[in-house]
Amino acid sequence: MPMNRETAKSEAAKLLDQGKRLDPDQALNFLNSCVAHNYKLLCDDPVVKAEGPWLHTARGRTIFDGVAAYSAANLGHGHPLIKEAIKGFLESGYPTVLGRFMPDPWLALFARKITQLTGFEAFLPANGGVEAPEAALKLARRWAHRERGIASPEIIYADRCFHGRTLTVTQMFDEDDKTAREGFGPFAHGFVRVPYDDVSAIEKAITPNTAAVLLEPIQGEGGINIPKPGYLKKVRALCREHKLLAIWDEIQTGFARTGKMFCWEHEGDAARPDIMCVGKSIAGGFAPVSGILAQRAVMDQFEPGSHGSTFGGSPLSSLIACAALAAIEFEKLPEQATEKGAYVMQRLREIARKAPRIKEVRGLGMMFGIELNQNGPDGHEYTRRLLELGAIVKDTHHWVMRFTPPIVATREELDFALGLIEQAFTEKSRLNSMSREMERLRD
Ligand SMILES: Cc1ncc(COP(=O)(O)O)c(C=O)c1O
């Protein structure tokens, strides 16, 4: 018997109830036994509700999300405009997935919107973030073969970069990052590593085979590394001079995180890339949506059959992205990031003055890195302590704490998180006992 609406409702209610009733220990048990162990859980308290910058847990805690799901939730969790759009979309009976061989209005509207917003002529939709650099690299290689006659194209990329974890970009992890690299070879040829924020290193690395330069405008996962002003513009000029494609990965820095819609805009149109990778907040944290943007002359290297994805650009993910882009505009997110970012930076600098463990605070817009002196507990210890206190502020590369809160967090909410950061970095007795524990572990 086909399922009617009433049965569907009651079955769905049962399903939702299962989530609500699942004992936290049981949830942990399932997560540990049934999920691949490629992530280490920070705590044993499942998150069961999320709103704005707040996470509510099964064991009754409320936690400030100070990394905004790695910048996928720039709009906070559960933005009401996106929620309403999804409800209406489902009620209207629009298709959720079709396969890209069938036209639909939602990809049409999404692509129109994102190209207008960015000033690029064409958009290639995908799903998870890493699919965007992956597609950009394919596109650059094909362009190099066809337009420049390069038989074996090379791509220049930067030390400490992070473009995701597919096989192509896995080799880009630092040589000493054994967990991320070891055992995944052999890697694809044609990739050349240079130091970040060093224009002359790129210039020296260019050969007749160079096709493109792939960079993050600010390195997020690499430690919130902010290049000197003019870096992108100079690399862009170099690319133009040597007929290379400039590829900026804005997956983390995009959609207002740094105070502009895209980070390269801080350097003006002279820093505009040939290919831009987008992801994360493009869908407001509701769905995995990513993609690349380019002008037609480059994008048209992809013809039917050359690249694709079943779900990339599906009607449902396109609708969600349309709603997220509308929300980003409605909230004036870049302006919010600039204004709140200046306040947070000032407060973090005040905290740093009182906290000898902090070596440096750096940031742009609402993207902050708190670098620690390497003579005491490392970032992971502080991540755990901050979570105990009530905020997620996450370490990267051991010695940098990443603070990238939802941009919509209010001044009071940000003050709450900043108060906890201050407490974690200035509490004397706790720090001493953490140091003693570290000493013990080292011995
Ligand atoms: C700059 C950058 N590129 C690509 C990715 C990969 O995105 P995803 O984890 O969604 O595949 C990330 C993720 O953090 C990122 O920061």
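Some values worked out for this structure:
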| item | result |
| --- | --- |
| Members of segment 148-181 that are assigned to a loop (DSSP other than H, G, I, E, B), within 14 Å of the ligand (Cβ to nearest atom) and touching a Pro at 6+ places or on another chain (Cβ under 7 Å) | 163, 164 |
| All positions within segment 98-135 that are in a loop (DSSP other than H, G, I, E, B), away from the ligand (no atom under 16 Å from the Cβ) and touching a strand residue (DSSP E or B) at 6+ places or on another chain (Cβ under 9 Å) | 100, 119, 120, 121 |
| The listed residue being surrounded by fewer than 23 Cβ atoms within 10 Å (Cβ to Cβ) and among the hydrophobic types (A, V, I, L, M, F, W, C), out of 324, 297, 283, 337 | 297 |
| Per-region count, segment 32-69, residues within 16 Å of the ligand (Cβ to nearest atom) and closer than 21 Å to residue 83 by Cβ | 3 |
| Close pairs from segment 77-91: first over 21 Å from residue 52 (Cα atoms) and not assigned by TED's automatic domain parsing to the domain that holds residue 283, partner part of a helix (DSSP H, G or I) and polar (S, T, N, Q), Cβ under 8 Å, at least 6 apart | none |
| Selection count, segment 265-286, where residues are within 16 Å of the chain's Cα centre (by Cα), more than 13 Å from the ligand (Cβ to nearest atom) and hydrophobic (A, V, I, L, M, F, W, C) | 1 |
| Qualifying residue in segment 307-326 (condition: closer than 24 Å to residue 247 by Cα, within 17 Å of the chain's Cα centre (by Cα) and more than 16 Å from the ligand (Cβ to nearest atom)) | yes |
| Test set (1) within 26 Å of the chain's Cα centre (by Cα); (2) surrounded by 22 or more Cβ atoms within 10 Å (Cβ to Cβ) - residue 143 fails condition number | (1) |
| Any hit, segment 237-251, residues being more than 12 Å from the ligand (Cβ to nearest atom) and on the phi > 0 side of the Ramachandran plot | yes |
| Every residue from segment 51-83 that is among the aliphatic types (A, V, I, L, M), assigned to a loop (DSSP other than H, G, I, E, B) and closer than 25 Å to residue 23 by Cβ | 58 |
| When residues of segment 52-103 are limited to those that are out of contact with any Gly (no Cβ under 9 Å at 6 or more places or on another chain) and acidic (Asp, Glu), the one farthest from residue 288 (Cα to Cα) | 91 |
| Any pair with Cβ under 6 angstrom, 6 or more apart, that starts in segment 402-431 at a residue that is touching a residue at least 60 places away in the same chain (Cβ under 8 Å) and closer than 21 Å to residue 257 by Cβ and ends at one that is polar (S, T, N, Q) and assigned to a loop (DSSP other than H, G, I, E, B) | 407/74 |
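The values are calculated or read from the model by the stated rules, or taken from the named source; none is laboratory data. All values reported here derive from a predicted model rather than from experimental measurement. Backbone-built Cβ (ideal geometry, glycine too); neighbour counts: all protein chains shown.
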